[in-house]
Structures are given as structure tokens and as C-alpha cells.
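Trainee: The structure that follows is given in the form of C-alpha cells.
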Amino acid sequence: MSQLGSSPHGPPPYGPRLTIALVVSILIMIVELVGGFLSNSLALLGDAGHVFADVLAITVSLAAMRIAGRPHTPSLTFGYHRAEILAALLNALALVAVSGFIFYEGYRRLLQPPLVYTPILIPIAGIGLIANAGMIFLLRKGSQRSLNIRGVFLHVLSDTISSVGVVIGGVVIAVTRYYVVDPVIGALIGILILRSALLLARDSTNILLEAVPRHLNVMQIAGAIKEVEGVKEVHDLHVWTITSGLYALSGHIVVEDQSIRKASEIVKSVESRLKERFNIAHSTLQLEPQEIMEIR
């Protein structure tokens, strides 16, 4: 039987990429913040606020990666893997706060649209768009393997979409002088940010509640286990996620009364099938003789 505590599982080495993304995000935030005040644009200030959330997200993610890499201890037998999930949940909460500010400020500006200076707004938003597109390329691969990196990636992706909206809004304002476009674009940015936050919060919460991973089906897993020669029945099956890409399983399998050696071979066959078909690398299986099940 494989034991989770016996095999450390450190996060993928995405630290350098996150560090680069952090530096770029800080620079974008400063430029957009100054540009937002000079141009009097809520859309650009909202984008700067979103980038500030990016900075927080990346900082928390880097800290979580360092913590998650610590070895297991007698009191923390699962190690610090869940630090990644807590970081993702904090990122989601930060996104909700940013979207709330944007909605409030957008409503206030809709009542009385202020003048917006587009010669500053458009080029600065363009710079932010280019920088965010570069960070998407930098983090895309890691986002497919780590929920922590995915949280940062969603921040950057939303910010990139925001930058596109700011540029388009700036062009429309420059041509039409219709200044109400700016708070409308800001509100749309807020909706995108809120959607990303809710999706990330859902995934993080499901892991913390030890729900079955969305891409796995308990009935299919039980069926695959029963296909192994020597397995008569499966019950009390539990499947959950420890951290991104690390899945665990526990359950009871019923076998005929036989030697320990042969029973051990059955367990190894089950573990091999779980790894190959479902990417479940850590399983704890309790064997029960068939006679006990018949008595029950």
C-alpha cells in the first residue's frame, strides 16, 4: 500500500517564472496607476487595481510554493501541500475585493462621467496589454498543472482582457468624446474579475472539502478496481485531492481468503491500475476476506 507521507511531493519549479511575473506586474501597476490619475480614467485605475491583485497573488503563490516544499513532520503527516490551495483561495478573495471597488467607482462615475485624457490612456493601456500577454505565455503551461499557478494565471488573463477593453474604450472616447464609455468598460472589467474569482474559489473550496476531483468518477474507479483479478467487491471508496495534481484514494477491497503474498500482489495490481488510468498515485487499501462480507 502506498502511503502519502512516505513520498514527498514538491511543487513544480515555477518559482523563477513567477518572480519574473512579479517584477513585470509591479512595473505595470506603477505605470497604470500614475497614468490612471493623469488621464482621469476609471478603466485604467481599475486595471491598475487588478494588477495590484496580481502582485498580491504572485507574492502569496511564491510563499505558498516555498511552504509546500517543506518536508512532512510527525504532526503534519500530509506536509504543507494544502498551502497552495489556501493561497489560491486568498487570491480569489482578493479578486472579489477588487471587483467590488470597481463596481462602486463605476456606479459613481456613471452618474457624472468625468473627462478622460485619451492621449495618456491609450498608450499606457497598450503597454499593459503587451506586458500581460507576455506573462500569459510565461505562466500558461504551469497553470495546467498547479491550482496555485492557475490562480495567478487567471489574474493575468483577466487583466489582459481588461487591457484590451481599456484600449478599445480609449479609442472610442477619443473618436466620439462619449466619456460614459470609461465607467462602462470599468464595470465590464469588474464582471470578468468576479467571474474568475468565483471559479477559483469553487475549485479551492472543493479541494478543502475533500470532494471528488471533477474529472474523476467514483463508480468508474470502483469498476476498474473490480476488473483486477482476485478482487470480488469494493466498498467505502473515498477519492480526494491533496493539492494540484496529487490525488489520494482509500477503500476496502474484498478478496478470497488466501496467502498474504498473493493478497499483496492484488494490491499492487490495483495500485498500478489506479496510477495508469486515473493518475491516483497514493492509495490506502484495506483487504477483507470474502467470508466477512458474506456474514454482513
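Trainee: Can you tell me which of (1) assigned to a helix (DSSP H, G or I); (2) within 30 Å of L237 (Cβ to Cβ); (3) touching a residue at least 40 places away in the same chain (Cβ under 8 Å) is the one R145 doesn't meet?
Mentor: Unmet condition: (1).
Trainee: Hey, which of the strands (runs of 3 or more DSSP E) in the range 215-296, taking only ones fully inside, have at least 3 residues that are small (G, A, S)? First the steps, then the outcome.
Mentor: On the way: elements: 231-243, 246-255, 282-289.
The strands (runs of 3 or more DSSP E) meeting that bar are 246-255.
Rundown of residues vs (1) touching a residue at least 40 places away in the same chain (Cβ under 8 Å); (2) over 26 Å from the mean Cα position of the chain (by Cα), yes/no style:
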| position | (1), (2) |
| --- | --- |
| L192 | no, no |
| N217 | no, no |
| E271 | yes, yes |
| L274 | yes, no |
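Trainee: Is it the case that some residue within the range 152-159 is at pLDDT 85 or above and over 30 Å from V255 (Cα atoms)?
Mentor: Residues of the range 152-159 at pLDDT 85 or above: none.
No, because not a single residue in the range 152-159 is at pLDDT 85 or above and over 30 Å from V255 (Cα atoms).
Trainee: Residue pairs, Cβ under 9 Å, 6 or more apart or interchain, first in the range 37-53 and assigned by TED's automatic domain parsing to the domain that holds H155, second basic (K, R) and assigned to a helix (DSSP H, G or I). List them.
Mentor: Filtered contacts from the range 37-53: L42/R108; L42/R109.
Trainee: How many residues, within the range 102-132, are surrounded by fewer than 15 Cβ atoms within 10 Å (Cβ to Cβ), among the hydrophobic types (A, V, I, L, M, F, W, C) and in contact (Cβ under 8 Å) with a residue 24 or more places away in the chain?
Mentor: 1
Trainee: Can you pull out every residue in the range 233-262 that is exposed (fewer than 14 other Cβ atoms within 10 Å of the Cβ) and touching a strand residue (DSSP E or B) at 6+ places or on another chain (Cβ under 8 Å)?
Mentor: Pass one, the range 233-262, residues exposed (fewer than 14 other Cβ atoms within 10 Å of the Cβ): 235-236, 238, 256-257, 259-262.
Within the range 233-262, H235, D236, H238, E256, D257 qualify.
Trainee: Return the total of residues in the range 67-124 being under 18 Å from E32 (Cα atoms) and of a type in the set (S, T, N, Q).
Mentor: So the answer is 2.
Trainee: Residues that are surrounded by 13 or more Cβ atoms within 10 Å (Cβ to Cβ), closer than 30 Å to R150 by Cβ, in contact with a Phe, Trp or Tyr (Cβ under 8 Å, 6 or more places away or on another chain) and at pLDDT 90 or above: does the range 220-229 have at least one?
Mentor: yes
Trainee: Separate question: What's the total number of residues in the range 161-179 that are surrounded by fewer than 20 Cβ atoms within 10 Å (Cβ to Cβ) and either closer than 16 Å to F52 by Cα or in contact with a Lys or Arg (Cβ under 8 Å, 6 or more places away or on another chain) (or both)?
Mentor: Qualifying residue count, the range 161-179: 1.
Trainee: Is it fair to say R150 is part of a helix (DSSP H, G or I), without any contact (Cβ under 8 Å) to a residue 12 or more places away in the chain and either closer than 30 Å to M65 by Cα or of a type outside the set (V, I, T) (or both)?
Mentor: Numbers: part of a helix (DSSP H, G or I): yes; without any contact (Cβ under 8 Å) to a residue 12 or more places away in the chain: no; either closer than 30 Å to M65 by Cα or of a type outside the set (V, I, T) (or both): yes.
For R150, the condition - part of a helix (DSSP H, G or I), without any contact (Cβ under 8 Å) to a residue 12 or more places away in the chain and either closer than 30 Å to M65 by Cα or of a type outside the set (V, I, T) (or both) - is not met.
Trainee: Shifting gears a bit: Of the residues L198, L246, which single one is within 23 Å of the chain's Cα centre (by Cα), touching a residue at least 60 places away in the same chain (Cβ under 8 Å) and assigned by TED's automatic domain parsing to the domain that holds A43?
Mentor: Working: L246 fails: assigned by TED's automatic domain parsing to the domain that holds A43.
Result: L198 is the single residue among L198, L246 that is within 23 Å of the chain's Cα centre (by Cα), touching a residue at least 60 places away in the same chain (Cβ under 8 Å) and assigned by TED's automatic domain parsing to the domain that holds A43.
Trainee: Filter the range 70-85 down to the residues that are among the aliphatic types (A, V, I, L, M), within 16 Å of V60 (Cβ to Cβ) and without any contact (Cβ under 8 Å) to a residue 40 or more places away in the chain and list them by number. Full working, then the answer.
Mentor: Step one: filter the range 70-85 for residues among the aliphatic types (A, V, I, L, M), giving 76, 83, 85.
Those still in the list that are within 16 Å of V60 (Cβ to Cβ) too: 83, 85.
Passing the criteria: only A83.
The values are calculated or read from the model by the stated rules, or taken from the named source; none is laboratory data. Just so it is clear, the structure is predicted and the values come from calculations on it, not from any experiment. Glycine also receives a Cβ, built like all others from the backbone with ideal geometry; neighbour counts cover every protein chain displayed.
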